[in-house]
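A.B. asks: For reference, the structure I am asking about is given below.
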Amino acid sequence: MSENIAAVSLFSGAGGLDIACFMAGIPVISSTDFDADCIETLKANEDIFGKTKILEGDLHHIDSSVFSGIVKQNKPEKFIVIGGAPCQPFSKAGYWVGNDTRKGIHDPRATLVNEYLRVVTDIRPDGFLFENVESLMHPTNKVIVDRFIEIITEAGYSYQTVRANALEYGVPQRRKRLFIIGTKGTFKRDEPVKTHCAPEKCKETGLKPYETAGKAIAGYEGDEFFEEYEVTKGGTYYEDLCQVPPGQNYKALTAWAGYPNPKFVADKRFWNFLLKLSPNEPSWTVCAQPGPWVGPFHWDNRRLRVPELAAIQTFPKGYKFCGTRRSIQKQIGNAVPCLMGKAMIEYLKESLE
């Protein structure tokens, strides 16, 4: 790489965005999370995080000087901050209203978004990447984005907001996310480089067709990957699940779909109830905390296995996860798909060079 660039990761989780950084040629010198299982997951993957300083703790209680100290020890020519604050605090948007931007990020009731901004404005990286749910742009939450932009602009950063779908970056999954990317340099293009598109548009665009679930999880169907958690047979809706065609949900068993003797009423359930993957299509969004009959389910009428979930999120093959099955599902479901993150990091990196 033309520059010696390093990254400081906040809210690292299971490491999706951190891995994306490594993929983009930027080593992560510090990763942090408050969840003990996430920390164990990072430590378990020593081949990737062997030289990374891994910190367990709540960012509210980690002083910015800890991160600036790690940067000084590593002496990169340039460095970036990456991370996505948990989205639960966004009901507290009122905390962000006010004229004094510095007070906004040091408010004692501050959300984790404030803590991200506190670190960025304190240690002054050459660039940063902030990831979150697309609904952050909804009118009820827009005040957060507006204040975020006001604060980072005052701190001297140019920025781009990117509303992205993981499908367009080689991830075999429909997953929409928002990225706010800031730089002290200059963006070379308006958006990150897309690599994939709908099959019917490939000839016109020159891009690759969307990746499919079937291709992504091939090789994990054997008995050696069996998990007790995957079993649905004998459950309340097992027979109904078997009747749902691949790529569809419970609505296939309603009058709306012309199903004889309808089992359900269309639009009376969550859309991912009895949602089933098709091997020939990308996956639906992988959930962090799915209900008992919430998909996506495998087309073989079972729940997805851990290596299948990880593959759909484009984690490296053989990546290790620590904790209970429930915790692992949460770690994988909350992660930024690695290939999606890579495209965003490369876009940021390009602006620093």
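The values are calculated or read from the model by the stated rules, or taken from the named source; none is laboratory data. Quick caveat, the model's predicted, so the values are computed rather than measured. Quick reminder, even Gly has a Cβ in these numbers, built from the backbone with ideal geometry, and neighbours come from all protein chains shown. Accessible surface areas use protein heavy atoms only, side chains included; no ligands, DNA or RNA. Shrake-Rupley method; radii C 1.70, N 1.55, O 1.52, S 1.80 Å.
A.B. asks: So if I place +1 on the C-beta of Lys and Arg and -1 on the C-beta of Asp and Glu, and nothing else carries charge, what would the dipole magnitude of segment 159-234 be about its Cα centre? I want it in debye, nearest 20.
C.D. replies: With Lys and Arg at +1 and Asp and Glu at -1, about 780 debye.
A.B. asks: With a 10 Å cut-off between alpha carbons and a GNM built on the chain, which of Ala213, Ala257, Ala36 moves the most?
C.D. replies: Highest fluctuation of the listed residues: Ala257.
A.B. asks: Something else: Over the chain, calculate the relative contact order: mean separation of alpha carbon pairs under 8 Å at least 6 apart, over the residue count, as a percent.
C.D. replies: Relative contact order for the chain comes out at 19 percent.
A.B. asks: Out of residues 5 or more away from Cys197 or on other chains, whose amide H comes under 5 Å of its own, with H placed 1.01 Å from N in the peptide plane?
C.D. replies: Answer set, sorted by chain and number: Lys208, Tyr210.
A.B. asks: While we're looking at this one, here's another question. Roughly how many nanometres apart are two label points built 7 Å out from the Cα toward the Cβ at Val133 and Asp58?
C.D. replies: It works out to 2.1 nm between the two label points.
A.B. asks: So how tilted is helix 338-352 from the main axis of the chain? Cα-based, degrees 0 to 90, rounded to 10.
C.D. replies: In the chain, helix 338-352 runs at an angle near 20 degrees to the longest axis.
A.B. asks: Dipole of the chain, Cα-centred, from +1 at each Lys and Arg C-beta and -1 at each Asp and Glu C-beta, to the nearest 20 debye?
C.D. replies: Using only the charged Cβ atoms, the result is roughly 540 debye.
A.B. asks: Please work out the FRET efficiency for the pair Trp271 and Cys202, using the Cβ-Cβ distance as r and a Förster radius of 22 Å; give the result to the nearest 0.05.
C.D. replies: About 0.20, to the nearest 0.05.
A.B. asks: Take the alpha carbon atoms of segment 192-220, find their center, do the same for segment 263-333, and report the distance between the two centers in whole angstrom.
C.D. replies: 20 Å
A.B. asks: Next question, about the same structure. Towards the positive end of the charge dipole of the chain, with charges on Cβ (+1 Lys, Arg; -1 Asp, Glu), say which of Gly69, Val120, Pro27 has the farthest Cα.
C.D. replies: Comparing the listed Cα positions along the dipole, Val120 ranks first.
A.B. asks: Using only Cα atoms, tell me the angle between helix 112-123 and the longest principal axis of the chain; keep it within 0 to 90° and round to the nearest 10.
C.D. replies: Orientation of helix 112-123: about 30 degrees from the principal axis.
A.B. asks: A further question on this structure: Cβ neighbours within 10 Å, averaged per peptide: list 17-30, 143-156, 276-289, 337-350 in order, most packed at the top.
C.D. replies: Put in order of decreasing packing, that is 337-350, 17-30, 276-289, 143-156.
A.B. asks: May I pose another question? Please list, by residue number, every one of the chymotrypsin sites (Phe, Trp or Tyr not before Pro) in segment 159-241 that is coil in DSSP and has at most 13 other beta-carbon atoms within 10 Å.
C.D. replies: For chymotrypsin sites (Phe, Trp or Tyr not before Pro) across segment 159-241 that sit outside H, G, I, E and B with at most 13 neighbouring Cβ atoms in 10 Å, the list reads Phe226.
A.B. asks: Determine the alpha carbon to alpha carbon distance for each of Lys203/Lys342; Lys43/Lys349; Lys176/Lys215; Lys53/Lys342 and list only those over 23 Å.
C.D. replies: Flagged as over cut-off: Lys203/Lys342; Lys43/Lys349.
A.B. asks: Next question, about the same structure. Rounded to the nearest 500, what is the chain's calculated 222 nm mean residue ellipticity when only DSSP H runs of at least 4 contribute -39500 (n - 2.57) each, over all residues?
C.D. replies: So the calculated ellipticity at 222 nm is -8500 deg cm²/dmol.
A.B. asks: Looking at Leu352, Ala257, Phe321, which one has the Cα that reaches farthest to the positive end of the dipole of segment 255-353 (charges on Cβ: Lys, Arg +1; Asp, Glu -1)?
C.D. replies: Phe321
A.B. asks: Round to the nearest 10 and give me the degree value, 0 to 90, for the angle of helix 64-74's Cα axis relative to the longest principal axis of the chain.
C.D. replies: On a 0 to 90 degree scale, this one is about 80.
A.B. asks: How do 9-16, 78-85 rank on mean C-beta neighbours within 10 Å, highest first?
C.D. replies: 9-16, 78-85
A.B. asks: Of the accessible area of the chain, with the probe set at 1.4 angstrom, what percent is carbon plus sulfur?
C.D. replies: 50 percent
A.B. asks: Would you mind computing Rg(Cα) / (2.2 N^0.38 Å) for the chain, counting N as its residues?
C.D. replies: Taking N as the residue count of the chain, the ratio is 1.04.
A.B. asks: What is the set of long-range amide H partners of Ser283 at a cut-off below 5 Å, with H atoms built 1.01 Å from backbone N?
C.D. replies: Gln173, Arg174, Ala213
A.B. asks: Which is farthest toward the positive dipole end of the chain among Ser283, Val143, Leu207, measuring Cα position about the Cα centre, with Cβ charges +1 (Lys, Arg) and -1 (Asp, Glu)?
C.D. replies: Of the candidates, Val143 comes out farthest on the positive side.
A.B. asks: Another question about this same structure. Using the heavy atoms of the protein chains alone and a 1.4 angstrom probe, what is the accessible area of segment 243-283 per residue in square angstrom?
C.D. replies: Heavy-atom accessible area per residue stands at 57 Å².
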